[in-house]
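The values are calculated or read from the model by the stated rules, or taken from the named source; none is laboratory data. Because the structure is a prediction, the values reported are computed rather than measured. Here the Cβ positions follow ideal geometry from the backbone for every residue, glycine too, while neighbour counts run over all protein chains shown.
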Amino acid sequence: MAKKRAAPKKPAKAAKPAKPAKPTKTAARNAPSQSPAAGAVVLFTLRDSGASAVRFHSDHYDIARARGIAQALANSPDVADAFVLTSVEIVRRVGQS
């Protein structure tokens, strides 16, 4: 039997450049701001208020996140109003040792 001829080699393609890495958002999201004064506090009032009408909800380092939380609370049927306070100093009791 006759031997088959070797197929001609195709020229090698140039390698594609690697895609640049995407910047991670978790480091920026999890890092607190430089000072707590840059944060905000969300307060809300309940529709059927009992002894105290204003309730503390949460403090946030990012004002945009605080606004989102306040908007979600304001859309709740149990909440009458929601407030975002930016110039707030929170004083907490010192832990007993």
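Structure notes:
- Any hit, segment 31-38, residues being outside any loop (DSSP other than H, G, I, E, B), surrounded by 10 or more Cβ atoms within 10 Å (Cβ to Cβ) and modelled with pLDDT of 80 or more: no
- Scan segment 70-91 for residues that are farther than 14 Å from residue 45 by Cα and at pLDDT 90 or above and the total you get is 0.
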